[in-house]
1. Any residue that is free of Cβ contacts under 8 Å to residues at least 40 places away in the same chain, under 21 Å from ALA168 (Cα atoms) and surrounded by 12 or more Cβ atoms within 10 Å (Cβ to Cβ) - is there at least one of those in the range 69-88?
2. I'm trying to understand the selection: among the residues of the range 91-108, which are closer than 17 Å to GLN160 by Cα and surrounded by 22 or more Cβ atoms within 10 Å (Cβ to Cβ)?
3. So which residues in the range 120-149 are among the hydrophobic types (A, V, I, L, M, F, W, C) and either more than 19 Å from the chain's Cα centre (by Cα) or within 12 Å of VAL106 (Cα to Cα) (or both), if there are any at all?
4. Exactly one condition in (1) out of contact with any Pro (no Cβ under 9 Å at 6 or more places or on another chain); (2) hydrophobic (A, V, I, L, M, F, W, C); (3) at pLDDT below 95; (4) part of a loop (DSSP other than H, G, I, E, B) is false for LEU119; which is it?
5. Residues ILE11, ILE6: which one is of a type in the set (Val, Ile, Thr), surrounded by 15 or more Cβ atoms within 10 Å (Cβ to Cβ) and more than 20 Å from GLY165 (Cβ to Cβ)?
6. Can we say ALA217 is modelled with pLDDT of 95 or more, among the aliphatic types (A, V, I, L, M) and either in contact with a His (Cβ under 8 Å, 6 or more places away or on another chain) or in a loop (DSSP other than H, G, I, E, B) (or both)?
7. Suppose we keep only residues that are over 28 Å from the mean Cα position of the chain (by Cα) and loosely packed, with under 13 Cβ neighbours inside 10 Å within the range 232-252. Which one would you say is farthest from ILE178 (Cα to Cα)?
8. With the requirement that a residue be part of a loop (DSSP other than H, G, I, E, B) and either touching a strand residue (DSSP E or B) at 6+ places or on another chain (Cβ under 8 Å) or farther than 18 Å from VAL138 by Cβ (or both), what does the range 39-65 give you?
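The values are calculated or read from the model by the stated rules, or taken from the named source; none is laboratory data. Because the structure is a prediction, the values reported are computed rather than measured. Positions of Cβ are backbone-derived with ideal geometry, glycine not excepted, and every protein chain shown enters the neighbour counts.
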Amino acid sequence: MKIMLIGTGNIAWQFGHRLHNKQIPIYGVYGRTPAKARELATQWNSKAYSDLQKLPDDADIYLFALSDQAYNDVIRDFPHRNKTMVHTSGTLPLSLFESLTPYRGVIYPFQSCTKGCELLSQRLPLCLEASDTATRAVIGKLAACFSEEIFFLDSRQRKQLHVAGVFANNFSNAMYRIAFGLLEKQHIDTAILHPLILETALKIQKMHPSKAQTGPAIRHDGEVMRSHLELLKNEKDEWSEVYQLMSRYIAEQHTI
(Lines give C-alpha, C1' and ligand atoms only; values in the text may rest on other atoms or scores of the structure.)
Protein backbone atom coordinates (compact mmCIF):
# COMPACT_ATOMS: atom_id res chain seq x y z
CA MET A 1 0.00 0.00 0.00
CA LYS A 2 1.13 3.54 -0.76
CA ILE A 3 0.58 5.35 2.54
CA MET A 4 0.74 9.15 2.65
CA LEU A 5 1.15 10.35 6.24
CA ILE A 6 -0.43 13.74 6.96
CA GLY A 7 1.06 15.18 10.16
CA THR A 8 4.31 15.34 12.10
CA GLY A 9 3.21 15.15 15.75
CA ASN A 10 3.05 12.42 18.40
CA ILE A 11 0.61 10.06 16.66
CA ALA A 12 2.14 10.63 13.23
CA TRP A 13 5.52 9.64 14.66
CA GLN A 14 4.09 6.47 16.25
CA PHE A 15 2.38 5.34 13.06
CA GLY A 16 5.33 6.19 10.85
CA HIS A 17 7.81 4.54 13.19
CA ARG A 18 5.80 1.31 13.30
CA LEU A 19 5.33 1.21 9.55
CA HIS A 20 9.05 1.76 9.02
CA ASN A 21 9.95 -0.97 11.54
CA LYS A 22 7.61 -3.35 9.71
CA GLN A 23 9.40 -2.44 6.49
CA ILE A 24 6.22 -0.96 5.04
CA PRO A 25 7.24 2.01 2.84
CA ILE A 26 5.85 5.44 3.69
CA TYR A 27 5.00 7.12 0.40
CA GLY A 28 5.35 10.63 1.79
CA VAL A 29 5.10 12.83 4.90
CA TYR A 30 3.19 16.12 4.93
CA GLY A 31 3.76 18.80 7.58
CA ARG A 32 3.02 22.52 7.62
CA THR A 33 6.54 23.11 8.96
CA PRO A 34 9.03 22.00 6.27
CA ALA A 35 11.79 21.17 8.75
CA LYS A 36 9.54 18.80 10.74
CA ALA A 37 8.33 17.05 7.59
CA ARG A 38 11.91 16.65 6.36
CA GLU A 39 13.07 15.31 9.73
CA LEU A 40 10.53 12.47 9.72
CA ALA A 41 10.78 11.76 6.00
CA THR A 42 14.56 11.40 6.35
CA GLN A 43 14.14 8.89 9.19
CA TRP A 44 11.79 6.78 7.11
CA ASN A 45 13.47 7.11 3.70
CA SER A 46 10.46 8.97 2.42
CA LYS A 47 9.68 12.27 0.72
CA ALA A 48 8.68 15.42 2.59
CA TYR A 49 5.87 17.78 1.58
CA SER A 50 4.91 21.12 3.10
CA ASP A 51 2.52 22.21 0.35
CA LEU A 52 -0.77 20.30 0.19
CA GLN A 53 -1.19 21.16 -3.48
CA LYS A 54 1.95 19.20 -4.32
CA LEU A 55 0.81 15.94 -2.68
CA PRO A 56 0.69 13.09 -5.22
CA ASP A 57 -2.81 11.88 -6.04
CA ASP A 58 -2.01 8.17 -6.32
CA ALA A 59 -1.62 7.15 -2.66
CA ASP A 60 -3.72 4.18 -1.56
CA ILE A 61 -4.35 5.68 1.89
CA TYR A 62 -4.08 9.26 3.12
CA LEU A 63 -3.51 8.76 6.84
CA PHE A 64 -4.24 11.94 8.79
CA ALA A 65 -2.57 12.20 12.20
CA LEU A 66 -3.27 15.80 13.22
CA SER A 67 -4.44 17.70 16.26
CA ASP A 68 -8.23 18.01 16.21
CA GLN A 69 -7.95 21.78 15.67
CA ALA A 70 -5.88 21.35 12.49
CA TYR A 71 -8.29 19.19 10.48
CA ASN A 72 -10.62 21.90 9.20
CA ASP A 73 -7.83 23.89 7.55
CA VAL A 74 -6.27 20.81 5.95
CA ILE A 75 -9.60 19.47 4.69
CA ARG A 76 -10.52 22.87 3.25
CA ASP A 77 -7.31 23.01 1.21
CA PHE A 78 -6.91 19.30 0.41
CA PRO A 79 -6.52 18.93 -3.38
CA HIS A 80 -7.68 15.35 -4.00
CA ARG A 81 -11.11 13.72 -4.05
CA ASN A 82 -12.51 10.20 -3.83
CA LYS A 83 -9.44 8.75 -2.12
CA THR A 84 -9.32 6.50 0.96
CA MET A 85 -8.89 8.93 3.85
CA VAL A 86 -8.34 7.85 7.44
CA HIS A 87 -8.09 9.97 10.57
CA THR A 88 -6.71 9.04 13.98
CA SER A 89 -8.81 11.20 16.32
CA GLY A 90 -10.68 9.90 19.34
CA THR A 91 -13.31 12.64 19.22
CA LEU A 92 -13.92 13.55 15.56
CA PRO A 93 -16.64 11.65 13.64
CA LEU A 94 -16.29 9.30 10.68
CA SER A 95 -18.11 11.90 8.57
CA LEU A 96 -15.13 14.27 8.87
CA PHE A 97 -14.06 13.69 5.25
CA GLU A 98 -17.61 13.65 3.86
CA SER A 99 -16.96 16.60 1.55
CA LEU A 100 -13.88 14.90 0.07
CA THR A 101 -14.60 11.21 -0.33
CA PRO A 102 -17.06 8.36 0.26
CA TYR A 103 -14.15 6.15 1.37
CA ARG A 104 -13.65 7.20 4.98
CA GLY A 105 -12.05 5.45 7.92
CA VAL A 106 -10.77 5.88 11.46
CA ILE A 107 -7.84 4.20 13.20
CA TYR A 108 -7.73 5.61 16.73
CA PRO A 109 -4.88 4.39 18.98
CA PHE A 110 -6.17 4.25 22.54
CA GLN A 111 -2.89 5.03 24.23
CA SER A 112 -0.88 7.99 25.45
CA CYS A 113 1.53 8.70 22.58
CA THR A 114 4.75 10.67 22.89
CA LYS A 115 6.98 11.49 19.96
CA GLY A 116 10.30 9.65 20.18
CA CYS A 117 9.02 7.13 22.75
CA GLU A 118 8.11 3.90 20.96
CA LEU A 119 5.04 1.96 22.06
CA LEU A 120 6.48 -1.51 22.36
CA SER A 121 3.36 -3.50 23.15
CA GLN A 122 1.66 -5.46 20.38
CA ARG A 123 -1.49 -5.09 22.51
CA LEU A 124 -1.95 -1.43 21.59
CA PRO A 125 -5.76 -1.04 21.35
CA LEU A 126 -6.76 0.30 17.94
CA CYS A 127 -10.35 1.47 17.44
CA LEU A 128 -11.56 1.24 13.85
CA GLU A 129 -14.56 2.57 11.97
CA ALA A 130 -15.22 2.60 8.23
CA SER A 131 -17.79 4.01 5.82
CA ASP A 132 -18.06 0.85 3.70
CA THR A 133 -16.96 -2.78 3.48
CA ALA A 134 -14.01 -2.14 1.15
CA THR A 135 -12.57 0.61 3.34
CA ARG A 136 -13.06 -1.55 6.42
CA ALA A 137 -10.96 -4.28 4.79
CA VAL A 138 -8.22 -1.81 3.82
CA ILE A 139 -7.90 -0.17 7.24
CA GLY A 140 -8.17 -3.56 8.95
CA LYS A 141 -5.17 -4.74 6.96
CA LEU A 142 -3.25 -1.59 7.86
CA ALA A 143 -4.20 -1.78 11.55
CA ALA A 144 -2.97 -5.38 11.73
CA CYS A 145 0.52 -4.03 10.99
CA PHE A 146 0.43 -2.10 14.26
CA SER A 147 -1.35 -4.29 16.77
CA GLU A 148 -3.21 -7.50 17.53
CA GLU A 149 -5.85 -5.64 19.59
CA ILE A 150 -8.44 -4.27 17.16
CA PHE A 151 -11.91 -3.00 18.13
CA PHE A 152 -14.64 -1.74 15.83
CA LEU A 153 -16.41 1.20 17.50
CA ASP A 154 -18.74 3.80 16.05
CA SER A 155 -18.09 7.54 16.43
CA ARG A 156 -20.18 7.91 19.59
CA GLN A 157 -18.54 4.92 21.28
CA ARG A 158 -15.09 6.19 20.36
CA LYS A 159 -15.82 9.63 21.83
CA GLN A 160 -17.05 8.01 25.06
CA LEU A 161 -13.84 5.98 25.17
CA HIS A 162 -11.80 9.14 24.70
CA VAL A 163 -13.47 10.79 27.71
CA ALA A 164 -12.81 7.66 29.77
CA GLY A 165 -9.17 7.84 28.71
CA VAL A 166 -8.90 11.44 29.95
CA PHE A 167 -10.04 10.31 33.40
CA ALA A 168 -7.92 7.14 33.46
CA ASN A 169 -4.74 8.64 32.02
CA ASN A 170 -4.59 12.43 31.83
CA PHE A 171 -6.22 13.13 35.19
CA SER A 172 -4.36 10.34 37.00
CA ASN A 173 -1.06 11.64 35.58
CA ALA A 174 -1.93 15.11 36.92
CA MET A 175 -2.42 13.49 40.34
CA TYR A 176 1.03 11.91 40.03
CA ARG A 177 2.43 15.37 39.37
CA ILE A 178 0.90 16.70 42.59
CA ALA A 179 2.20 13.70 44.53
CA PHE A 180 5.69 14.19 43.10
CA GLY A 181 5.55 17.88 44.02
CA LEU A 182 4.66 17.11 47.64
CA LEU A 183 7.59 14.70 47.98
CA GLU A 184 10.09 16.89 46.14
CA LYS A 185 9.38 19.73 48.55
CA GLN A 186 10.51 17.50 51.41
CA HIS A 187 13.45 16.06 49.43
CA ILE A 188 11.90 12.58 49.37
CA ASP A 189 12.86 10.34 46.43
CA THR A 190 9.77 10.15 44.20
CA ALA A 191 10.70 6.57 43.26
CA ILE A 192 9.05 5.56 46.54
CA LEU A 193 5.70 6.11 44.75
CA HIS A 194 6.45 3.73 41.89
CA PRO A 195 5.44 0.45 43.61
CA LEU A 196 2.18 2.04 44.83
CA ILE A 197 1.29 3.31 41.36
CA LEU A 198 2.16 -0.03 39.75
CA GLU A 199 0.23 -2.06 42.34
CA THR A 200 -2.91 0.02 41.72
CA ALA A 201 -2.59 -0.40 37.95
CA LEU A 202 -2.18 -4.16 38.32
CA LYS A 203 -5.01 -4.46 40.84
CA ILE A 204 -7.68 -2.95 38.59
CA GLN A 205 -6.88 -5.53 35.94
CA LYS A 206 -8.21 -8.13 38.38
CA MET A 207 -11.10 -6.27 40.02
CA HIS A 208 -13.44 -3.34 39.49
CA PRO A 209 -12.02 0.00 40.73
CA SER A 210 -14.93 0.32 43.16
CA LYS A 211 -13.64 -2.79 44.92
CA ALA A 212 -10.01 -1.63 44.86
CA GLN A 213 -10.57 1.80 46.46
CA THR A 214 -8.69 2.44 49.72
CA GLY A 215 -7.76 5.53 51.75
CA PRO A 216 -9.21 7.85 54.39
CA ALA A 217 -12.15 9.09 52.29
CA ILE A 218 -13.66 5.64 51.81
CA ARG A 219 -13.25 5.05 55.58
CA HIS A 220 -14.86 8.45 56.32
CA ASP A 221 -11.80 9.23 58.46
CA GLY A 222 -12.35 12.95 58.99
CA GLU A 223 -9.44 13.38 61.38
CA VAL A 224 -6.88 12.13 58.86
CA MET A 225 -8.38 14.20 56.05
CA ARG A 226 -8.33 17.36 58.19
CA SER A 227 -4.66 16.76 58.97
CA HIS A 228 -3.94 16.37 55.27
CA LEU A 229 -5.73 19.62 54.46
CA GLU A 230 -3.72 21.36 57.19
CA LEU A 231 -0.52 20.27 55.41
CA LEU A 232 -1.89 21.42 52.06
CA LYS A 233 -2.53 24.96 53.37
CA ASN A 234 1.05 25.81 52.48
CA GLU A 235 0.70 24.41 48.94
CA LYS A 236 -1.10 25.63 45.85
CA ASP A 237 -4.77 26.41 46.52
CA GLU A 238 -5.98 24.07 43.77
CA TRP A 239 -4.28 21.10 45.44
CA SER A 240 -6.57 21.50 48.46
CA GLU A 241 -9.54 21.90 46.15
CA VAL A 242 -8.66 18.73 44.27
CA TYR A 243 -8.15 16.84 47.55
CA GLN A 244 -11.55 17.91 48.88
CA LEU A 245 -13.38 17.27 45.60
CA MET A 246 -11.91 13.79 45.16
CA SER A 247 -12.41 12.88 48.83
CA ARG A 248 -16.05 13.95 48.65
CA TYR A 249 -16.59 11.92 45.47
CA ILE A 250 -14.99 8.79 46.97
CA ALA A 251 -16.96 9.14 50.22
CA GLU A 252 -20.27 9.67 48.42
CA GLN A 253 -19.71 6.72 46.09
CA HIS A 254 -18.89 4.46 49.00
CA THR A 255 -22.01 5.59 50.86
CA ILE A 256 -24.10 4.77 47.79
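1. Checked against the condition, which is being free of Cβ contacts under 8 Å to residues at least 40 places away in the same chain, under 21 Å from ALA168 (Cα atoms) and surrounded by 12 or more Cβ atoms within 10 Å (Cβ to Cβ), the range 69-88 yields no hits at all.
2. VAL106, ILE107, TYR108, listed by residue number.
3. If the condition is that a residue be among the hydrophobic types (A, V, I, L, M, F, W, C) and either more than 19 Å from the chain's Cα centre (by Cα) or within 12 Å of VAL106 (Cα to Cα) (or both), then LEU126, CYS127, LEU128, ALA130, ALA134, ALA137, VAL138, ILE139, LEU142, ALA143 are the ones that fit.
4. LEU119 satisfies all of (1) out of contact with any Pro (no Cβ under 9 Å at 6 or more places or on another chain); (2) hydrophobic (A, V, I, L, M, F, W, C); (3) at pLDDT below 95; (4) part of a loop (DSSP other than H, G, I, E, B) except (1).
5. ILE6
6. yes
7. GLU252
8. Of everything in the range 39-65, those that are part of a loop (DSSP other than H, G, I, E, B) and either touching a strand residue (DSSP E or B) at 6+ places or on another chain (Cβ under 8 Å) or farther than 18 Å from VAL138 by Cβ (or both) turn out to be TRP44, ASN45, SER46, LYS47, SER50, ASP51, LEU55, PRO56, ALA59, ASP60, ALA65.
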